[in-house]
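> For reference, the structure I am asking about is given below.
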Amino acid sequence: MSKLRFYMAMTAAKLSAVALRLLGRNATYLPGLIALKNCKDFIGFLQKPETLICVTGTNGKTTTSNLLNTVLTHNGYKVTNNSFGSNVQAGVAAALLLNSTFTGKHKNKVAVLEVDERSSLLVYKYITPDYLICNNIMRDSLKRNAHTEFISYVINTAVPAQTKVFLNADDLNCADLMPQCKNRTYFGVEAERPEELPKGQIRDVCYCPVCGGRFAPDYLRFNHIGRWHCTKCDNKSPDRDYCVTAIDRVNHTFTVTAENGEHTFRLINDNIVNVYNFCGAISLLRAFGLTWEQISSAFDAGKLVQTRYDTLDAGNFKVTMILTKGQNPIATSRVMNYVSTCEGDNKCVLFLVDDVEDNINNSESTCWLYDCDYTPMADEKIGRLIFAGPRCKDHYLRALMTGIPKEKIVLHETTADAASLVDTDTYHDIFILYDNYRLDEAVAMKKQFAARGEVKA
Ligand SMILES: [Zn+2]
């Protein structure tokens, strides 16, 4: 009976995918939802690929997933993945079923699946990843994954013990994660070791889980990412198996050192959070069986997808678009910090981050803005800060509390024509920070700037 239910669910899901494609719509979620509505243990009936790689953690899942997918594809593997779809249970089901036959036989040898942390219990109940990478565990949107201890508990409960795990050694929330998994590889970054502790940033790690003593940082890069030791017992950040030992920002390279050698890769994005993502992916790909050269050749080929970062050079001025995750204080803080480190003596930042999508059904608290570190926006090389959209006054208040001079802030309650507020004769380095729901507006802005610069968007 249950097998019959599976076939009926598969048929309904496959037909819905065909219909969606005929309508020109994305089939990355709904077919999975239909399958699960008709057969709640649908994923359990599907044959799994030979190798199943899963990616989880608060920030960097999509970047890491895209990277793994691109490197494996570059090396001749056909890969099932959900990078451009949903990472909850229905999205995972959709990715698997769309790459399966009607009888549930999987077509590709490898799958790279991004899995939302909170969906862990619903996904790993039916599939056992061969490899699982977790880049970090940080506080998240109150409405989504919220507290780090809750998310750690969910992951610890869900992941099978036989999975090989790849963990960020510089994040103590990751260090003790999934204790049932004994095959553990740690990665991290030693290069550009900071000399001073960051000020005014929230830290999601304070106390030692072994003895309850206070953790003291040896150094911190941002928030709780860095190296720690317990002041009462000998608990400390784990040693790294794969470590970024050099970052050359002039020649755009970085070097990864491991017990089995070292290799220098092309640095395709110099934001430190992405250096962590790259190192983690490389450690997993080495365990998968690729050589340093096979991995490196994909970096060199320039095929790595950067869905969250885009630039436009209009000659007289340059525009950089960066995705920030609204309601996610640390991801947003990191993007603001990155902008402050970018070239330019008189930058203009357009900020399109709000919760307008949430307002359709309800309203989320704006308290996450007070977990954000706005300090980088006070940098004197940022001459103009434009908050656009319905939450512009909330951002304004938060910016004033950080000590940002009100003279450099412009408020605009809509996003549609906010680009017209930028004087490109004065500001030659323009940044558009947008959240997921503002992608269309951000792309439209880029086109407006391209038209102004008489270049192609
Ligand atoms: Zn301790």
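Please treat every number below as a calculation from the coordinates, not as lab data. Only a predicted model underlies this, so the values are computations on that prediction, with no experimental measurement involved. Neighbour counts are summed over all protein chains in view; Cβ atoms, including those assigned to glycine, are modelled from backbone coordinates with ideal geometry.
> Charges on Cβ only, +1 for Lys and Arg, -1 for Asp and Glu, centred on the Cα centroid of the chain; of Thr128, Ala191, Ile404, which one is farthest towards the dipole's positive end?
Projecting each Cα onto the dipole axis, the largest value belongs to Thr128.
> Give the separation of the Cα centroids, the stretch 227-266 to the stretch 321-355, in Å.
Cα centres, the stretch 227-266 to the stretch 321-355: 26 Å.
> Moving on to the next point. Have a look at the DSSP beta bridges in the stretch 2-300 and tell me what percent are antiparallel, nearest 5.
If I count the DSSP bridges inside the stretch 2-300, around 50 percent turn out antiparallel.
> Can you tell me the length gained on complete extension of the stretch Tyr219 to Asn108, counting 0.36 nm per residue apart and subtracting the Cα distance?
Between Tyr219 and Asn108, full extension yields 35.6 nm more.
> Can I ask one more? Per 10 Å bin from zero, what fraction in whole % of the C-alpha pairs of the stretch 386-431 is there, up to the bin with the longest pair?
P(r) for the stretch 386-431, in whole percents per bin: 26, 51, 23, 0.
> Among Lys78/Lys456; Lys318/Lys408; Lys143/Lys393, which pairs are too far apart, with a Cα-Cα distance over 25 Å?
Lys78/Lys456
> Test of the criteria: in the stretch 410-456, which GluC sites (Glu not before Pro) are in a DSSP loop and have at most 14 other Cβ atoms within 10 angstrom of their Cβ?
Passing sites in the stretch 410-456 are Glu413, Glu454.
> Among the aspartates and glutamates, select those whose C-alpha is under 13 Å from the C-alpha of Lys61, and discard any that sit fewer than 8 residues away in the same chain.
Glu114, Asp116, Glu117
> What residue among Cys279, Thr264, Trp228 has its Cα farthest toward the positive end of the dipole of the stretch 213-288, where the charges are +1 on Lys, Arg and -1 on Asp, Glu, each on the Cβ?
About the Cα centre, the residue reaching furthest to the positive side is Trp228.
> So, one more: Could you work out Rg/(2.2 N^0.38 Å) for the chain, with Rg from alpha carbons only?
1.00
> Can you tell me how much longer the chain between Leu142 and Lys78 gets when fully stretched, taken as 0.36 nm per residue apart minus their C-alpha distance, in nm with one decimal?
The Leu142-Lys78 span can extend by a further 19.3 nm.
> Provide the percentage of antiparallel DSSP beta bridges, counting only those with both residues in the stretch 310-453; round to the nearest 5.
Rounded to the nearest five, the antiparallel share is 15 percent.
> Arrange the following residues from fewest to most other Cβ atoms within 10 Å of their Cβ: Cys372, Cys54.
Ordered by Cβ neighbours within 10 Å, fewest first: Cys372, Cys54.
> Assigning unit charges at the beta carbon (Lys, Arg +1; Asp, Glu -1) and nothing else, what dipole magnitude in debye, to the nearest 20, does the chain show about its Cα centre?
For the chain, the charge dipole is close to 1820 debye.
> If the chain between Val250 and Lys40 were fully stretched, how many nm would it gain, using 0.36 nm times the residue separation less the Cα-Cα distance?
Stretched out fully, the Val250 to Lys40 stretch lengthens by 70.3 nm.
> Counting each pair of different Cα atoms once, what's the Kirkwood radius of the stretch 310-453 in Å, rounded to one decimal?
Here the Kirkwood hydrodynamic radius works out to 15.0 Å.
> Identify, among Gly85, Asn145, Ala246, the residue whose Cα sits farthest towards the positive end of the charge dipole of the stretch 2-300, taking +1 on the Cβ of Lys and Arg and -1 on the Cβ of Asp and Glu, with the dipole about the Cα centre.
It is Gly85, whose Cα lies furthest towards the positive end.
> Additional query: For Lys109, list the aspartates and glutamates whose Cα falls under 16 Å from its own Cα; do not include residues on the same chain fewer than 8 positions away.
Filter leaves Glu50, Asp130.
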